[in-house]
1. How big, in percent, is the set of alpha carbon pairs in chain A lying more than 29 Å apart?
2. Give me the compactness ratio for the range B:306-419, meaning the Cα radius of gyration over 2.2 N^0.38 Å.
3. What nm distance separates the two modelled labels at B:E403 and B:Y81, each placed 7 Å from Cα along Cα→Cβ?
4. May I ask you to derive the relative contact order of chain B, considering only C-alpha pairs under 8 Å and at least 6 residues apart, and to give it as an integer percent?
5. Apply the a/c threshold of 1.5 to the C-alpha gyration tensor of the range B:47-202 and tell me whether it is rounded, prolate or oblate.
6. May I have the pair-distance distribution P(r) for the range B:427-485, computed from all Cα-Cα distances with 5 Å bins from 0 and rounded to whole percent?
7. Grab the beta carbon distance between A:K396 and B:S361, set R0 = 51 Å, and tell me the FRET efficiency rounded to 0.05.
8. Which residues' amide hydrogens lie under 5 Å from the amide hydrogen of A:G403, considering only partners 5 or more residues apart or on another chain, with H built in the peptide plane?
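Values in this text are rule-based calculations from the coordinates and carry no lab data. Small disclaimer: the values here were computed from a predicted structure and weren't measured. FYI the Cβ positions are ideal-geometry reconstructions off the backbone, even for glycines, and counts take in every protein chain you see.
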Amino acid sequence: MINSSLKTLSQMLAKKEISSVEMTQTFLNRIHQFNPTINAYIALDEAKTLAQAKAADARIAAGNAEPLTGIPFAQKDIFCAKGWRTTCGSKMLENFIAPYDAHVISQFDNAGAVNLGKTNMDEFAMGSSNETSYFGGVKNPWNFDRVPGGSSGGSAAAVAARLCAAATGTDTGGSIRQPASLCGFTGLKPTYGLVSRYGMIAFASSLDQAGPMAKSAEDCAMMLNVMAGFDERDSTSLNHPKEDYTRGLAGMSGDKPLKGLKIGLPKEYFADGLDAGVAKVVQDAIVEYRKLGAETVEISLPNTKLSIPVYYVLAPAEASSNLSRYDGVRYGHRAAEYTDLTDMYCKSRAEGFGAEVKRRILIGTYVLSAGYYDAYYLKAQQIRHLIADDFKQAFKECDIIMGPTAPSTAFRAGEKADDPVAMYLQDVYTIATNLAGLPGMSIPAGFDKGLPVGLQLMGNYFDEARMLDVAHAYQQVTDWHLQMPDLKAPEGLK
Amino acid sequence: MEWEVVIGLETHTQLKTNTKIFSGASTAFGAEPNTQACEVSIALPGVLPVLNKQAVECAIKFGLAVNAEIARRSVFARKNYFYPDLPKGYQISQYELPVVGKGAVTIQVPAVGKNAAYEKVINITRAHLEEDAGKSVHGLSNQSIEGMSGIDLNRAGTPLLEIVTEPDMRSAAEAVAYAKKLHELVQWIDICDGNMQEGSFRCDVNVSVRPKGTEKLGTRREIKNLNSFKFMQQAIEYETRWQIETLEDGGTIHQATVLFNPDTGETRVMRSKEEANDYRYFPDPDLLPLEVTEADKARVKAEMPELPEVMKARFEAEYGLTSYDASTLTSSRDLADYFVATVNAGADAKPAANWVMGSVSAKLNAEDKPINASPVTALQLAQLLKRINDNTISNNAAKQVFEAMWAGEVDVDAIIEKLGLKQVSDSGAIEAMIDEVLAANPAMVAEFKAGKEKAFNALVGQAMKASKGKANPAQVNEILKKKLAN
C-alpha cells in the first residue's frame, strides 16, 4: 500500500478495502519507525491527524468523498495550519502555534485530505540541503550519509521513504525540484501565481510558489487539482480558469503518444559544471522521449549563468524585508534579557535566526541600501527580464524544455555546509524558471552510483497540464518513479 | 536684513473607508486596544496585503478635485524600518510612482491688520496612498503590566492619503489658509472625516527661511504632527523666529525633524538628518502595480459632488449672490447644503444667504456647533423667511422667533402667535394709531413742518412704540408721510 498511487489509495478507500484511519495509522507507524532517524517531520499531532481521518471516513460513508478524501499527506512546515506548531524551520518560530490556515492547508482540508504532520525544512526555506534547519538535518532515505536536498528536505524524505502518501513543498529557487531529483520522486513547481501564497511563510515573495511532491506525475496532477485556484487574499494569485490537470493523462499510452512534441535542450544546461553521471542519465531519458515520438531541438538560454547572481540579489532583498516582522514584539522568539528596545531587537534576532538566514538578511539589506540599490537591486531586476525573454524566445522553437534538475546527485551532509557559493550552485538549473515565473518539474530518470537522478521539465506559463502529460508518458514506459529505498535493512537504522 | 519664510506642507489624511487599506479589519476609532487587529494587522507569518478599492477611489476623488494628473500606473513600495508599532517592519507606501501627481488648490488668505485679503494658488506636488502604523502606549497602569509600554494595532493599516505641496507658502497665515482649505476640501468630497483630535487630518510643516529676494532655499526643518490650526500657526511663527534669530546670531540651521510643544509654544528637535533611517524602499512584491483607467476616473467623477469653486460660480449666477457671499457659503459642504435646502424650501436666496451667514453662523460660532447640529433646520428657517416676506412679522420680530426655535420650539406660526408678534397691516388701525401719535406730539409735527427731517423718524419711532412693534414699518412710513403732507 505504501507504494500505491493516490488513485489506487482513493479507490481502496472508496471500495472500503481500508479505512482512512487504518491507512493513516499505517503511515503513522512508519513515521514512528523511521522518523527518529530520518527527521523528516518536525511536528506530529496524532490526535488531530486521526480526527481528520475519522471525519474522512464519515465523509466517504456519506458518499460525498472527493479524490483525495481520506488520504494522508505531509505538509511542509512553511504553511500555517490552525492549531499546529508552525516553525518554518526556525528557532524564531519554535513555539509559534498558527492561529489560521494557509490557503493550501484549507484546500487540502476542504478536499477531505488528512494532515500527517509538518515536515522539516531549511530555515525560512533558505538552503539546498536542509542543513540550515534549527531542528536538525534530514537524512536522504537512499543513503543516510547524504542530504535530501532543500529547502523542502523533510517533505522530500517523507515522500521517498514512503512516510506519507505525498507531500507539499515550496519552491523559490528549486526547493521542490532539487530535492525531488536528490530523493528520486516527482515534484512540480507551478506557474507563479497559480497556487495562492496566503498563509505560506514568505521567503522571497516574487519567487515563492507552492507545489506537489509525490511519487508520480499522475499524483502531482491530482494534488494540483486541489492546490491551484484563484484566491483573492493573495494579490499575485492569477485568475486563471480552473483546470483538470489529469485530463490528458489517459491519452499518454499506446504507440508514440508524444508525436509532434518538440523538446528544447538548452546547450547551457549540458555544459561545464554538470556531473558526468547525471548527464548520462539525462541523455538516456531524452533518448526514451524520442522513442515516445518527441523530437528534440537544441536551444539556447544565453543568460543562464546570470540567474544565480540575479537570484542572490533579489531573493535576499525581499527576504531581508519579509523577515523584519520577526522582531520579538508580538510573537516568536524574544531574548530573555535586554537593556532597551534596540537591544531587544538585536538579541532576539541574533538568537532566533541561524547563520544562513542572517547572511541573506545582510546581503538583502546591503543591496537595498541607499547608494547600492541601482547597482544591485535595479540591475538584477533588469537582468531578470532578460532571463524571462530567453525563455520567451526558446518557446518559439519548442513546446517544452528538458535538462538536468541538479548538477549532481545527493551530496554528503556537511560537504557544502561551509561553502555557501557551492551550495548556491545546486540551483543553477532551477532558479531561472522562478525568475521567469515559469512552471518546472523534476521526475526520476534513473540512478548514478545508487543515487537518484532527476530530469527537469520546464514549460510555458500555465502549461502544467502538458508537462504532466509528458512526464506521465515517460512514467508509463519506465519504472524509475516506482523505485523506493529499502528501509528494511539500512545501515544505521537499528 | 529682511527675511522670507518658505513653507511646504505634507498632510496625512485618513481616508473614510470601512476597512483598512490592505485588510478587512475595521477602521472605526476608539475601540478597545487590538480588537481591530486581524492577522494582517498583526503581521502574522504568511499573511498578505490586498488593496482596498475604496481607498483608491478616495485618492482618485482627491486627484480630480485638485485637477491633478492621476497616474495610470502607480506602485506600492516598502519603507523598511524597525519600530514596535510597525508590525511588518516596513510600511507599505508609494514612493517613486504615486497615484496622484501635480495639481493645485486656490486658497483665500484672510485680511490681517492693514493687509487686505487675497487669493493664492498652492501647487500640489503629489498625493500617495499608504498605511498608518499602530500606536505605542507608554506607562500602562494595569497591575500586571504597570509602567510597561503597550502596542495597540487597531490603527495599523488604516488608509492614509499623504498630500504634499510645493514650498509655495510665504507666511503662517498662508500655511493655515491652505491647511483649512484642504481640510474643507477632503470633507467636501467625503474622503476624510476631518477629525483632527482623532488624528484623521495631521499636518507636517516644512519651514525654511532665506534673505528676501534670493532664490536659493534655506535648510528646512520639519515640524511633525500638528493637529490643530492654532498650533500650526504658533509653531510656524515660533520656528520662523527661531530660524531667523539663529542665522542672525551667526548660527546655521541643520536639517531636522522637530516637535511642537503646545505648552511652551516652542519647537524641539526630535531627530537630526544624520539619525534618519535608510528606508531601503523597493517595490512591494506582494502587490501588483495599481492601474487606474480612464473608465475608473469617469466612474468616480460621476459620483463626485459639485466642487466648491463650481458651486460658488453657480451661486453667483443662479442666485445673484456677491462673490464674497458665494465664497462664504461654499466654504464647507454642510453650510452650502444648508443654504441650498433653505432656498429649496421656498426662501429667497438673498435673505437666506444673509440669515445663514448672519444669525445662524453667529449662534453656531457662539456655541461651537457645526451647521448640521443647528437646532434650527433649513426648513424652519425658510418658513421664518416666508413670514418676513409676506409681512406677517417684521425683521426684528423674526429674530425673536429665531431665538425661540433655537431654544427648541418648532413651529414658526405657533411662536408668532404665542409671542403676539404678528405685524399689524390693517391700514385703518394704523391710521387711527398715527392720528393719536400726531395728536399727542404736536411739537414734533411742528418741527417736521419747519423742515427738520429728523422729526419724521422720531414720529415713526413713536408710532412703532405705540403699536408695540407690531405695525408694519413700511406702512407706518407711508401713512405718516401722507398725513404730514396734508
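1. Summing the P(r) tail past 29 Å for chain A gives 45 percent.
2. Cα Rg divided by the expected 2.2 N^0.38 Å: 1.04.
3. The modelled label-to-label distance comes out at 5.7 nm.
4. Result for chain B is 14 percent.
5. The shape class here is oblate.
6. Each 5 Å bin holds this share of Cα pairs: 4, 21, 37, 25, 11, 2.
7. Step by step, r from the Cβ atoms, then E = 0.10.
8. Correct list: A:Q456.
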